[in-house]
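Have a look at the structure below before the remarks.
The values are calculated or read from the model by the stated rules, or taken from the named source; none is laboratory data. Keep in mind that what you see is a predicted model, and the values were worked out from it rather than measured. FYI the Cβ positions are ideal-geometry reconstructions off the backbone, even for glycines, and counts take in every protein chain you see. Calculation scope for accessible area: heavy atoms of the full protein, side chains included, ligands and nucleic acids excluded. Shrake-Rupley method; radii C 1.70, N 1.55, O 1.52, S 1.80 Å.
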Amino acid sequence: MTSRTYLSSPDVTQAEEDALVRALRSGWVAPLGPEVDAFEADLAQATDRAYAVALSSGTAALHLGLLHLGVGPGDVVVTSSMTFAATANAITYTGATPVFVDSDETGNLDPALVEQAIEDQQRAGARVGAVVPVDLLGKVADHVGVSAAADRHGVPVLVDAAESLGARRGGRPAGADGVGAVVSFNGNKIITTSGGGALLCDDPEMAERARYLATQARQPVVHYEHVDIGYNYRLSNLLAAVGRVQLARLPQMLDRRRGWRRRYRELVAPVDGLTVFGGQDGVDAAAGEDHDNFWLTSVVVDEAVTGWSADELRLHLAEADIEARPLWKPMHLQPVFADRPAYTNGTSERLFRTGLSLPSGSALSDDQFERVVTHVRTFLERKTL
Ligand SMILES: *Cc1c(COP(=O)(O)O)cnc(C)c1O
């Protein structure tokens, strides 16, 4: 009997279980405590940041990061159309309007189109409160190009690195770029606390303000005194204990996912019209750098060449109880955001139609992975005979 094979299920071991029980027995069950402080220090170190603020989700981190930048009602925020809805939702929580910008071939923001969007919005009289680039499926975006475009127009950058923890580009770890950056520890992400996230930054006031707003904006007096609207956004001490073990295990997890990527590359290489999504992994061996944390390995199917579609492969795998999923449906095509401004070039729509993410999690056993390979190979053989 085989069980369902998921794209990226949580990778937890005895070490996480032990850490959770230790935290529980330590008495620090009430939200904050020493595990949160230690997890924040570990995260800041891993991402070359001065501060990390551990929060209840990546979405909460985006929300607080935007609030710190002064984003509010009437503003627009330029972001990637090719992303998970959380990015656009957090922008909407502030009262601002998301403005969607299309991608290059890696699925990440096209810097030239970002500049065009900012100029166009400013010319129309809008205040562009922030640019929020997203590191899609674990691949670090061109933050040098995006930040240069934003800087020229005086707009701050908040990076959505929810999917890219552990990757590096230009000598910098994912999460190190922008005024602030956001990571996520949701259940399917590269590391997990079951649910959680963090805001990374270098400005002590930004970190302090985020902690304050995340704990109901309570004033430092003996009674409960409030001069701002706050949120209940902190990560619990118990979950931070799990996060510390996960972060320590991240290098091993990356190795495993990198291995799957290599195998998928071998599998698709001989097939015309079938490629691994995202181009080169940007491996700079000398610098020990992967632009990607291999969170999800995806393929792109050029149906005009292959004669079959990404959806046919998805359905074939589904019959074997193997999960495969299209890339994010672009935000400018989502019913809830369809009336927001969008600067498109056709890339994200094409990637949505032709892309398919395959099981990539570090918790996959060798046997589970071989089963996926066998089923993909059977499909390819049947189609090319
Ligand atoms: C997962 C994700 C988020 C949200 O993180 P949560 O911790 O689930 O709130 C935000 N942006 C992107 C791109 C994500 O993939």
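Rounded to 0.05, the FRET efficiency of the residue 89 and residue 222 pair, given R0 = 22 Å and the Cβ-Cβ distance, is 0.05. Here's how it looks for residue 342: its modeled amide H is under 5 Å from those of 100, which are all 5 or more places away or on a different chain.
Highest-first packing order for the peptide set 193-206, 55-68 is 55-68, 193-206, based on the mean count of other beta carbon atoms within 10 Å.
Could you pull out the chymotrypsin sites (Phe, Trp or Tyr not before Pro) across the range 180-242 that fall in loop regions by DSSP (anything but H, G, I, E, B) with no more than 16 other Cβ atoms inside 10 Å?
Values: sites: 185, 212, 224, 231, 233; in loops: 185, 224, 231, 233.
Within the range 180-242, the qualifying chymotrypsin sites (Phe, Trp or Tyr not before Pro) (loop, at most 16 other Cβ atoms within 10 Å) are 224.
The label point for residue 26 and the one for residue 370, both projected 7 Å from the Cα toward the Cβ, are 4.1 nm apart.
Each Cα pair under 8 Å and six or more residues apart adds its separation to the average, and for the chain the resulting relative contact order is 23 percent.
Shape of the range 250-383 from its Cα gyration tensor (a ≥ b ≥ c, root eigenvalues): rounded if a/c is under 1.5, otherwise prolate when a/b > b/c, or oblate? Let's see the in-between values first.
Working: a/c = 1.65, a/b = 1.19, b/c = 1.38.
Oblate.
The distance from the alpha carbon centre of the range 127-152 to that of the range 209-243 is 29 Å, rounded to a whole number. Each label was represented as a point 7 Å from its Cα along the Cα-to-Cβ direction; for residue 144 and residue 363 these points are 3.8 nm apart. Between the amide H of residue 130 and those of 78, distances stay under 5 Å, these residues lying 5 or more places away or on another chain, with hydrogens modeled in the peptide plane. The length gained by stretching the chain between residue 255 and residue 45 to full extension, at 0.36 nm per residue less their Cα-Cα distance, is 73.6 nm. Between the range 1-50 and the range 174-200, the C-alpha centres lie 13 angstrom from each other.
Which value, in Å², gives the accessible area per residue of the chain when a 1.4 Å probe is used on the protein heavy atoms? Intermediate values should be presented prior to the final figure.
Details: 16200 Å² over 385 residues.
Accessible surface, normalised per residue, equals 42 Å².
If packing is taken as the mean number of other Cβ atoms within 10 Å per residue, what is the order of 143-155, 24-36, highest first? Don't skip to the answer; put the middle values down first.
Numbers: 143-155: 17.9, 24-36: 15.1.
Sorting 143-155, 24-36 by mean packing, highest first, produces 143-155, 24-36.
Computed over neighbours whose Cβ is under 14 Å from that of residue 25, the net charge equals -2, Lys and Arg +1, Asp and Glu -1.
Sort the following peptides by mean Cβ neighbour count (other Cβ atoms within 10 Å, averaged over residues), highest first: 293-300, 372-379, 348-355. Don't skip to the end; give the middle numbers.
Numbers: 293-300: 25.6, 372-379: 16.9, 348-355: 20.6.
The densest-packed peptide leads the list: 293-300, 348-355, 372-379.
I'd like the per residue volume of the convex hull spanned by the Cα atoms of the range 1-70, given in cubic angstrom.
On the way: hull volume 11.2 nm³, N = 70.
Value for the range 1-70: 160 Å³ per residue.
The alpha-carbon of residue 329 sits under 24 angstrom from the alpha-carbons of these lysines, leaving out residues fewer than 8 places away in its chain: 139, 189.
Extending each Cα 7 Å along its Cβ direction at residue 208 and residue 151, get the distance between those two points in nm, one decimal. Taking the simple label geometry, residue 208 and residue 151 are separated by 2.7 nm. For the chain, with all protein chains in place and a probe radius of 1.4 Å, 52% of the accessible heavy-atom surface sits on carbon or sulfur. Restrict the search to the range 96-170; then list the GluC sites (Glu not before Pro) that DSSP places in a loop and that have at most 16 other Cβ atoms within 10 Å of their Cβ. Filter output for the range 96-170: 105.
Per residue, the convex hull spanned by the alpha carbons of the chain comes to 144 Å³.
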